[in-house]
1. Note the per residue figure in Å³ for the convex hull of the C-alpha positions in the chain.
2. Using a 10 Å cut-off on Cβ atoms, rank the peptides 375-384, 357-366, 107-116 from the highest mean neighbour count down.
3. Run the helix sum for the chain: -39,500 (n - 2.57) per DSSP H stretch of 4+ residues, divided by residue count, reported at 222 nm to the nearest 500 deg cm²/dmol.
4. Once you place label points 7 Å from the Cα toward the Cβ at residue 174 and residue 341, how far apart are they in nm?
5. Where q = 0.21, 0.22 Å⁻¹, what log10 of I(q)/I(0) comes from the Debye formula for region 165-300, counting one point per Cα?
6. Sort 17-23, 56-62, 279-285 for me by packing, meaning the mean count of neighbouring Cβ atoms within 10 Å per residue, highest on top.
7. Based on the alpha carbon coordinates of region 311-352, what radius of gyration and maximum Cα-Cα distance (Dmax) apply, in Å?
8. Please work out the FRET efficiency for the pair residue 417 and residue 29, using the Cβ-Cβ distance as r and a Förster radius of 51 Å; give the result to the nearest 0.05.
Ligand code: UD1
Ligand code: CA
């Protein structure tokens, strides 16, 4: 039975309309609401990805005037998404009709998804569509939030959805209803436009509410239903506090997925992931590690505590941290070691190479099995431009060296500790770029002698 329903849904053509034109005033931010991030990924991208994964082929995104950045994000995530501009923000139904041209193309199922509902899962979208395959004209997702403030209430009788009442228009009794509108709606394509066109703005805010579609459908003798889902699927984000709550849910899901795929987290609740963090097999992540966007960690690597990674590729069996910082453009080859207080940026560290303590390696190439001693700095910036440092395979850079780029250290070469290297070092050579040490025999005891004389004199004067 369930399988048949799923197949029937699958056979139906579909269009998703993502509403993203709201101003997001309650976020108190200059940035459009749907571009705020959860797990390093915009709210809009979360919604678009879920829609695509649920098998919806055509996507329309409704953006506000001047929100080119929102349209660009939509194109980046879903290249065939078509953006429509809602010139005036007159409510959610008005926004849907901004995409009228897409609706007129005809689809069996029209899914309306709010761009500020990032935790929606593909399977939940499929559940929302399922009643349409059974003859309903309209379906919405309902949920019972811990705090219902701000949500529309679902009025359900005998398994049928009678109406959705917006909080501002609800009576005291209606406000007491626990079942709320998740904000996602599925409309049967053959009646969608007729319903949407009848929605008016006769309410306290004088907006065209999509939620009025329910009563209109019923007046047209069409069936409307509510599908109840978990709060976490449909949490809407209107405020920074709700953004933080959604982040917490997203982190829990990502941690669980990583654990299920075999990653070892010693203390999962202290590890922060991005939606695109990628783990191989038998990776160990110690407590308090942050994964920014675009990080891949290959099999058997260990990320020690208090490390921060972003835009980095960590090869097989690599050891990172504790207290390491990997910035974008870092590529660590198999078995490499990046130790405590080492920062790496835009650099390739080849197989087996090591930088174990207190270093900055930026705009660099470090050949296989090279050893970068404690305190080594690549001086990559001359105040105007960035320059590259190349360290050949098997080279040994003595502690506390400054490699002034552009500079090349040949394979197998040695750099004496404390050197400032400004010229290329040939392979297998030794480079010393520091002042020669001088020895003054007996100097210290002479000093002590002078001091004790001085002290006696002082005493004598006293
Ligand atoms: C809406 C629902 C409410 C539901 C809640 C779920 C309506 C009238 N209310 O309320 O029943 O419980 O979502 O989260 O639908 N938008 C536009 N153009 C507009 C207005 C809004 O594109 O003119 C977009 C917004 O960018 C947002 C979405 O529509 O992505 C929802 O708008 P919002 O103002 O957040 O609605 P809520 O008050 O949260
Ligand atoms: Ca909202």
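1. Numbers: hull volume 111.0 nm³, N = 462.
For the chain, the hull spanned by Cα atoms encloses 240 Å³ per residue.
2. Ranked by mean Cβ neighbours within 10 Å, highest first: 107-116, 357-366, 375-384.
3. Working: 12 runs with 119 residues, N = 462.
Helices in the chain give a 222 nm mean residue ellipticity of -7500 deg cm²/dmol.
4. The modelled label-to-label distance comes out at 6.4 nm.
5. Listed by q, the Debye log ratios stand at -1.27, -1.36.
6. Values: 17-23: 25.1, 56-62: 22.9, 279-285: 19.1.
By packing density, highest mean first, the sequence is 17-23, 56-62, 279-285.
7. Here Rg and the maximum Cα pair distance are 8.8, 21 Å.
8. After rounding, the FRET efficiency stands at 0.55.
Read-outs throughout are calculated quantities, based only on the coordinates presented, and are distinct from any laboratory measurement. Quick caveat, the model's predicted, so the values are computed rather than measured. Using ideal geometry, Cβ is built from the backbone for each residue, glycine included, and neighbour counts are taken over all protein chains shown.
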